[in-house]
Structure formats: structure tokens, C-alpha cells
Amino acid sequence: METIDIISGVPRGIAARPESSNGDGDGRRKKKRREGKGRPVDPGALLEVRALLGDEPRRRDLLIEHLHKIQDRYRALSATHLVALAEEMRLAPAEVFEVATFYHHFDIVKEGEAAPPAVTVRVCDGLSCEMAGAQNLLALLRAGGYGDGVRVIPAPCVGRCESAPVAVVNQNAIGGATVAGVDAALEGKAFSAAIPDYTGLDAYVAEGGYALLRACVNGERTPDELIAIMEDAGLRGLGGAGFPAGRKWKIVRAETAPKLMAVNIDEGEPGTFKDRYYLERDPHRFLEGMLIAAWAVGIAEIYVYLRDEYAHARKILTDEIAALQAASPVPLPPIHLRRGAGAYICGEESAMIESIEGKKGMPRLRPPYVAQVGVFGRPTLEHNMETLYWVREIVEKGAAWFADQGRHGRKGLRSFSVSGRVRKPGVHLAPAGITMRELLDEYAGGMLPGHTFYGYFPGGASGGILPASMDDIPLDFDTLNKYGCFIGSAAIIVLSDHDTAKSAALNMLRFFREESCGQCTPCRVGTAKAVALMERDDWDRDLLTDLSTVMMDASICGLGQAAPNPFLSVYKYFPHEVGL
């Protein structure tokens, strides 16, 4: 049977042939360059880039991975290195520059500028951290007199909201951060977010892990059987969209091979940290679910996209995927772990696929949908990490086990990321359809001493804000729509009488302003305009309402469409805060 190259879509024998006879033996086409045009390639920088890349392929889709290699080594991306990388990858320098400048985590050093300091301290200014005193911590650290070797900067949500406020020293996160804690980290004495204990491959296999995958590959189970179980269980996409998992498997399975899989672990929604929680404890439960789904659908290759802030989870996945490949119970499809670079928009499935392909993470217009035209133009099964995490347990225990877990007429379980003014922030696994009052009292330990429940975000930054008086609504997909809210990835941020919905909404709009990819005018201009209007003492209701209509109707993706939800919620449920 002829083997197809996934990236080019042509038979591998053709794809592997040299495109030109250029005498260098690598089969890469030499581009003709006009003399005197563009920035010249620095020979020393080219040697440094080649040494960093080693034997790694120079394919276009690996551009972001190669940019990370340079930044990790030199702390920044200089113009000379970017031009050298373009030369090495046979790309136009403009292509490399536009990708490098798109992502927040790449530091571009202009000609004549010094590289950033050896140590960067990032203080999360997401809402949960802001409520826990992040702005005061940021001010104290900036006044700390660390010298030229340390820079202190704010950062958007880093996915550790349960331990707010959070500071990140290079890639080491410090929960419950204080000046003393950061000082200790800078002195190399303490890093509170060391890689946690987790269930490795041997322990997972000893507990029955990968037996289900082996049974599937050996023919003891059928794809139709598993798809039916997913449908009967009512498992829906747990990244926020809520599309039925079984139906998605069925759709992609019917597409023409080769088919690919893209796993979304970008998890950039402020208030969300459930994926990291599970990855840092039981990574193989996710990996087995991923491989079972790939088997059921007929997937040729798998791409796992992990947000850059999760350095410890990346180390865990890198080690455990390697261990699994070395001692695999069954033949495995190729698994590619791709590293994000600080772009919330890449949580949107098509923007993530663009990033996997080494491009700017800009959402695609649809149709076509990714199930038909996804990674490298191939039919693609896209899933959130947590959705796959439940596959093994649902199949082993039966569809009814999962479906019967819900409350108030809902089905299944939800992993609620709870943060804010509660006694027990963290990931709480609770029945779908649980109310906010039940979640607060039964799981989150109630409010912090001296705080009275005032309001809550039921679905992260874009899910809207509800008052404490509306604490009896079942929390699940579809139940919040009529209130102008949604559950999304089940990120619950709890406000108290020490907070205002108005200031919380402004925090979220500032986040959206910074994270808009800029592709469409309604979102790019609308988020900036909304922040400017909301920073005034008196909000212009008519103008904000008109702005929200344009953003929701004309934005390409969910960022611009949902960004108005926070301030619309203030008008609807907290009118006294804006003088109504």
C-alpha cells in the first residue's frame, strides 16, 4: 500500500526526492536571492542556529519550535538569529519575523539593543491574582532594587489561579507569592512549584493502564462499540464548546484517510487550570484516552499542543511519551508535542492548528470545519485534553456510570476550576448541573472569613458574571445561555463584597484587548475601545451596547464575540455599580 506523506499529501517516495540538485546533499531547494536586497546573513549567527537545530528537520511547521530553541539558549531573538533561521529553513525573513512578533513569549531584540536580563519575574495580573494582591506584589518587586540582572513584568493568567497570587521566576511558578518567596527563588533556595509526584508509566500499568488500549488494538473491542458508549454517556467537549464527543468521532471516522488528531491543552482562559491539574497527576490516563480515540477514528498522527506556561507539565509529557514509546504495549502512531508561545487565541481550535503548522495563531474562517480540513489540510479530530482523560474510565465502567452522575436533570461530571474568595480553591470534580450554592458549600468550603458572597463568573473571563442571588442555576452546558452567560471550561471565579463586578469586568476586558490576534477589526478595535470606555468613572451605556452588538455580530471567532459579556453582565445584574 502506498504511504502518504502527511504534510505534503503526496506519496512519501515523491516527497523524499530532492527538489533540486544543488550539490549540498540535503535535497532542499535553493532560493535565488537578489544581490543587495534584504538583510545579509551573519555567518556566525548561521553557525549558531545550525548547532542549536542539529539534526532536527527544517520543515516550515517546526518554525515555532526552532524559535523556542533560540530563545531558550540566548534569552531573546535577535535580528541576526532570525535572519539566519530564515536562511536555514529556506523561508523569507518576513515570514520568520511575523511569526516571532505574533507570540507574547518571544522577546525580539532590535539591532543595538541588549538582550533581556538573565532572570525574568512575571507577576500574574489575572482576576484571581489581582484579588489576592498581585498589583501590590508587582509594585513591591519593581521597587526591590534587583539590579540589571532581573526584570519584573506583569503577565496574563498563568493557569495557577488556585494559589493566587502567582509569580513566575523564569519558568518556575511560585504560588502564594510574596516578596520573600521571590527573593528566595532568585537566590536559588526555593521553587514552590517543583514537578509534583505523579503516576508514571510503571505505576499506571500496574493499576491496569493500557489494558483497554491493548484490547482495542487486538480486536476485542470495535470502534462502533466505543463510539456508542461515548454517545450514551453524553460526554461532551470539556474545553468549552461542549460538542458531543461520540458524534465528533463518528464524523471524523467517515472522512478520507490520512486523518490527524490535534489535542488542545492551551488552557488560556483566565480562571481555568483543570488540564494542568490532571496532567501533573495522572498523565497516562489522558494519553491512553487519546490513543483509544485515535484508534477508534483511524488517526495517522497526533499533535499535542501545550501552553508554554506549563513548563512542568511539558517535562512530564516529554518524559512519559518517551517512556511509552520505548515500552509500548501496542504499535503507536507518531505523537508530536508542540509548545505554544503565549497566545490565548490559540485556544481556538483553528488558531491552534495554524500554530501547529508554524504560523501566526489566527482563527480560520469556517466552513470548512477542522473535521474536514484541519492540520495540514487533512481531516482532523480536535479534542480538549480533559475530554480524552475520561475515555478509559467511561468505557471500563460503562456509559451509565458517567451519565448518572449529574444533578438537576443533567448528565455527567464536571471539573470545576474554582478560585477567588473561597476557603478551598482548586479543581473540584462535581456532578454536572450542580448549583453555585451547592458547589460553594459542599466543595469549596464556603467563603473566606470576613467575606460575603457577592457574585461569580460561571465560565471564566468570557462566560459573563452573575450575582449571588442567582446561585441556584444548574451549572452545565446550555443552562446559562438564557442569562447571557455560559459555562465554557467550568472556570468559576468567586467575588465577595470586597470586590465590584465593574472592576472585575474591566480586568477581563484588558485581558481581551491584549490577547486579540488583531485579524478582524471588530475585535481588535472593539476590545481597545471598550477598555477606554470602561476606564472612565461613568460608563457610556449606549456606546458600549452598540459596540457589543458590532463585536458579537461581526467578529470572526469566539474571543470578539464573547468579550462584551463581562460589561453586559454588569449592566444587567449589577446596575447599581454603574448608576442605574
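Max-minus-min Cα coordinates of the chain on each principal axis give 74, 64, 51 Å, with the largest extent listed first. Based on C-alpha pairs under 8 angstrom that are at least 6 apart in sequence, the chain has a relative contact order of 12 percent. With a simple spin-label model that places each label point 7 Å from the Cα along the Cα-to-Cβ direction, the separation between V179 and K315 comes to 2.9 nm. Peptides 455-462, 205-212, ordered by how many other C-beta atoms sit within 10 Å of their residues on average, highest first, read 455-462, 205-212. Dipole of the chain computed with +1 at Lys/Arg Cβ and -1 at Asp/Glu Cβ about the Cα centre; of G412, L52, A94, farthest Cα towards the positive end is A94. About its Cα centre, the dipole of the chain is roughly 1220 debye, where the only charges are +1 on Lys and Arg Cβ and -1 on Asp and Glu Cβ. Translational diffusion coefficient of segment 251-319 (Stokes-Einstein, Kirkwood radius from Cα pairs, 25 °C, 0.890 mPa s): 186 µm²/s.
Only one residue of A79, V531, Q135 has its Cα farthest out toward the positive end of the dipole of the chain, where Lys and Arg carry +1 and Asp and Glu -1 on Cβ, and that residue is A79. Give the Debye-formula value of log10 I(q)/I(0) at each listed q (0.25 Å⁻¹), with one equal scatterer per alpha carbon of segment 132-222, two decimals each. The calculated log intensity ratios at q = 0.25 Å⁻¹ are -1.29.
The distance separating the Cα centre of segment 363-414 from that of segment 236-261 comes to 7 Å. Classification of segment 103-260 by its C-alpha gyration tensor yields a prolate form. The axis ratio a/c (a ≥ b ≥ c) is 1.5 or more, and a/b outweighs b/c. Working from Cα pairs under 8 Å separated by at least six residues, relative contact order for segment 430-580 is 24 percent.
Applying 1/(1 + (r/R0)^6) with R0 = 51 Å to the Cβ-Cβ distance of D441 and A257 gives a FRET efficiency near 0.50. Direction-averaged projected area, Cα convex hull, segment 454-580: 7.2 nm², rounded to one decimal. Counting only DSSP beta bridges with both residues in the chain, the antiparallel share comes to about 40 percent. Our helix-only sum for the chain, with -39,500 (n - 2.57) per DSSP H run of n ≥ 4 divided by its residues, gives a mean residue ellipticity at 222 nm of -11000 deg cm²/dmol. Protection proxy ranking, highest mean first, for peptides 511-523, 93-105: 511-523, 93-105, where packing is the per-residue count of other beta-carbon atoms within 10 Å, averaged. Remark: segment 313-387 is approximated by an ellipsoid whose semi-axes, taken from the C-alpha gyration tensor as √(5λ), come to 25, 16, 10 Å, largest first. Separation of segment 524-568 from segment 85-101 is 35 Å, based on Cα centroids. Which entries in the list K69/K359; K315/K360; K502/K572; K248/K359 go over 19 Å, if you measure between the two C-alpha atoms of each? Exceeds cut-off: K315/K360; K248/K359.
Applied to segment 485-490, the Karplus parametrisation 6.51 cos²θ - 1.76 cosθ + 1.60 on θ = phi - 60° returns per-residue 3J(HN,Hα) values of 10, 7, 7, x, 8, 6 Hz, with x for Gly and Pro. The label-point distance for E231 and S328, in a model that sets each label 7 Å from Cα toward Cβ, rounds to 3.0 nm.
Where a number appears in this text, it was derived from the coordinates with a stated rule and is not lab data. Values in this document were obtained by computation on a predicted structure and should not be read as measured data. Reconstructed Cβ throughout: ideal geometry from the backbone, glycine too, with neighbour counts over all protein chains shown.
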